[in-house]
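Reading through the structure tokens given below for one structure.
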Amino acid sequence: MKKQLLMEELKRQGKAPKIRLWIFFCLALVLLLSAGGFWYRSTLQTRLEESFQKALALREAGKSSAAAELFLKLHNQHPAFAKAPQALFQAAEIQDLYLQRYSDALLTYLLLERDYPEAEEVKSAIRQVAELYKYRLNDCGQAIAAYQKVLDQPVEDSDELQYEVADCYFRLNNFEQARIEFEGLLKNYPDSKLFAEVQYRIAVTYALESKLPEAAGAYRLMIERWPDSPYALEAKFGLATVLGEQEKLLEALDILEGLAGIYPKQDILERKTEQVRERIEKKKKAI
């Protein structure tokens, strides 16, 4: 019995060094992992900044795909990174301007708005969303909503944005609403440099709706107030066209002949002038 107890005691003593070694190994591993974690956390921002600068360098070097991929990776793997909103904006801009991946760019801009609604890049992102919808994806309905969202915030060029909204309605053949938006621009932004063009386009909306007296009045107003504007020539041609439709052929002919040599589309002017002359001659013969 004593012999058996002695043997068991010897076995326990033999295992003790192994146990102590295992405990030491575990403690060393914990310390190593803690040190590694501390290093990772303490250097993370520096490494993320280096990746951001690398992506900028790739863009500058014309390596657009690689730059966009790295910008997106920064956001996807480290959404809390201070420059993650900038990274998304850069990625979307590259997708739009350099890769012509318009749908991807749209989604990236919208992701920026969703994930970082307070970021300073959001206002520019929403504007780019509107531009993409209108000029890249031919979706003026969605563009109007995006432009309106930008207009809800204080912006310096709100007259230009309202012009874009009006033009979207025009492209949708909603001439009445386009005219309402154009007239709102004239009312809200009396110092806008777009005044002459807007007044001309108001006249065009009337003409397209066959509201001839209103169209003629709007064309005359534009010509009287901005006689030196490039749109004055187009307004005179438009007025002559409206007058012709109203059978005021002599006045229409007088305006057309006055445009000879100064109207930019001389071939169109010559055909229109000849048509009016022929109609006048037919009327004379009918009498």
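Mind checking which residues of the range 135-152 are more than 13 Å from LEU106 (Cα to Cα), surrounded by 15 or more Cβ atoms within 10 Å (Cβ to Cβ) and touching a residue at least 24 places away in the same chain (Cβ under 8 Å)?
CYS140, ILE144, VAL150
Under 9 Å between Cβ atoms, which residue pairs at least 6 apart in sequence (or on different chains) link something in the range 45-74 that is more than 20 Å from LEU112 (Cα to Cα) with a partner that is open to solvent by less than 90 Å² (accessible area, probe 1.4 Å) and not in a helix (DSSP H, G or I)?
Note: pairs meeting the criteria are GLN45/PHE81; GLN45/ALA82.
What number of residues within the range 112-131 satisfy the criterion of being open to solvent by 30 Å² or more (accessible area, probe 1.4 Å) and in a loop (DSSP other than H, G, I, E, B)?
So the count comes out to 4.
So, in the range 153-162, exactly how many residues are farther than 22 Å from LEU106 by Cβ, buried (at least 16 other Cβ atoms within 10 Å of the Cβ) and out of contact with any Ser or Thr (no Cβ under 6 Å at 6 or more places or on another chain)?
2
Can we say VAL204 is in contact with a Leu (Cβ under 7 Å, 6 or more places away or on another chain), assigned to a helix (DSSP H, G or I) and either at negative phi or surrounded by fewer than 22 Cβ atoms within 10 Å (Cβ to Cβ) (or both)? Walk me through it before giving the result.
On the way: in contact with a Leu (Cβ under 7 Å, 6 or more places away or on another chain): no; assigned to a helix (DSSP H, G or I): yes; either at negative phi or surrounded by fewer than 22 Cβ atoms within 10 Å (Cβ to Cβ) (or both): yes.
Criteria not met by VAL204.
Is the range 260-272 home to any residue that is under 18 Å from ALA216 (Cα atoms), open to solvent by 10 Å² or more (accessible area, probe 1.4 Å) and either part of a helix (DSSP H, G or I) or in contact (Cβ under 8 Å) with a residue 60 or more places away in the chain (or both)? Don't jump to the end; show me each part of the working.
Start the filter on the range 260-272 by keeping residues that are under 18 Å from ALA216 (Cα atoms), which leaves 272.
Subsequent filtering for residues that are open to solvent by 10 Å² or more (accessible area, probe 1.4 Å) retains 272.
Within this subset, residues satisfying the condition of being either part of a helix (DSSP H, G or I) or in contact (Cβ under 8 Å) with a residue 60 or more places away in the chain (or both) are 272.
Yes; the residues of the range 260-272 include at least one that is under 18 Å from ALA216 (Cα atoms), open to solvent by 10 Å² or more (accessible area, probe 1.4 Å) and either part of a helix (DSSP H, G or I) or in contact (Cβ under 8 Å) with a residue 60 or more places away in the chain (or both).
So which of TYR109, TYR98 is surrounded by fewer than 17 Cβ atoms within 10 Å (Cβ to Cβ), closer than 15 Å to PHE71 by Cα and either of a type outside the set (S, T, N, Q) or modelled with pLDDT under 95 (or both)? Please lay out each step first, then the result.
Values: TYR109 fails: surrounded by fewer than 17 Cβ atoms within 10 Å (Cβ to Cβ).
Sole residue among the options that is surrounded by fewer than 17 Cβ atoms within 10 Å (Cβ to Cβ), closer than 15 Å to PHE71 by Cα and either of a type outside the set (S, T, N, Q) or modelled with pLDDT under 95 (or both): TYR98.
Which members of the range 249-259 meet the condition of being loosely packed, with under 15 Cβ neighbours inside 10 Å and β-branched (Val, Ile, Thr)?
none
Give the number of residues within the range 184-196 that are open to solvent by 40 Å² or more (accessible area, probe 1.4 Å) and in a helix (DSSP H, G or I). Let's see the steps before the verdict.
First, the residues of the range 184-196 that are open to solvent by 40 Å² or more (accessible area, probe 1.4 Å): 187-191, 193.
Among the residues that remain, those that are also in a helix (DSSP H, G or I) are: 187-188.
Of the residues in that region, 2 qualify.
I need the full set of residues from the range 211-227 which are assigned to a loop (DSSP other than H, G, I, E, B) and touching a residue at least 12 places away in the same chain (Cβ under 8 Å), in order please. Working first, answer last.
Step one: filter the range 211-227 for residues assigned to a loop (DSSP other than H, G, I, E, B), giving 211, 226-227.
The answer is TRP226, and nothing else.
Residue by residue, here is whether (1) of a type in the set (A, V, I, L, M); (2) more than 30 Å from GLU160 (Cα to Cα) holds:
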{"site": "GLU197", "(1), (2)": "no, no"}
{"site": "TYR206", "(1), (2)": "no, no"}
{"site": "GLY217", "(1), (2)": "no, no"}
{"site": "LEU221", "(1), (2)": "yes, no"}
{"site": "GLU224", "(1), (2)": "no, no"}
{"site": "LEU233", "(1), (2)": "yes, no"}
{"site": "LEU239", "(1), (2)": "yes, no"}
{"site": "GLY244", "(1), (2)": "no, yes"}
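Within the range 237-248, which residues are open to solvent by 70 Å² or more (accessible area, probe 1.4 Å) and assigned to a helix (DSSP H, G or I)? It would help to see each step written out before you state the result.
Going through the range 237-248, the residues open to solvent by 70 Å² or more (accessible area, probe 1.4 Å) turn out to be 245, 247-248.
Across the range 237-248, the qualifying residue is only GLU245.
The values are calculated or read from the model by the stated rules, or taken from the named source; none is laboratory data. Just so we're clear, the structure is a prediction, and the values are computed from it rather than from any experiment. Note that each Cβ is placed from the backbone with ideal geometry, even for glycine, and that neighbours are counted across all protein chains shown. For accessibility, only protein heavy atoms count, side chains too; no ligands or nucleic acids. Shrake-Rupley method; radii C 1.70, N 1.55, O 1.52, S 1.80 Å.
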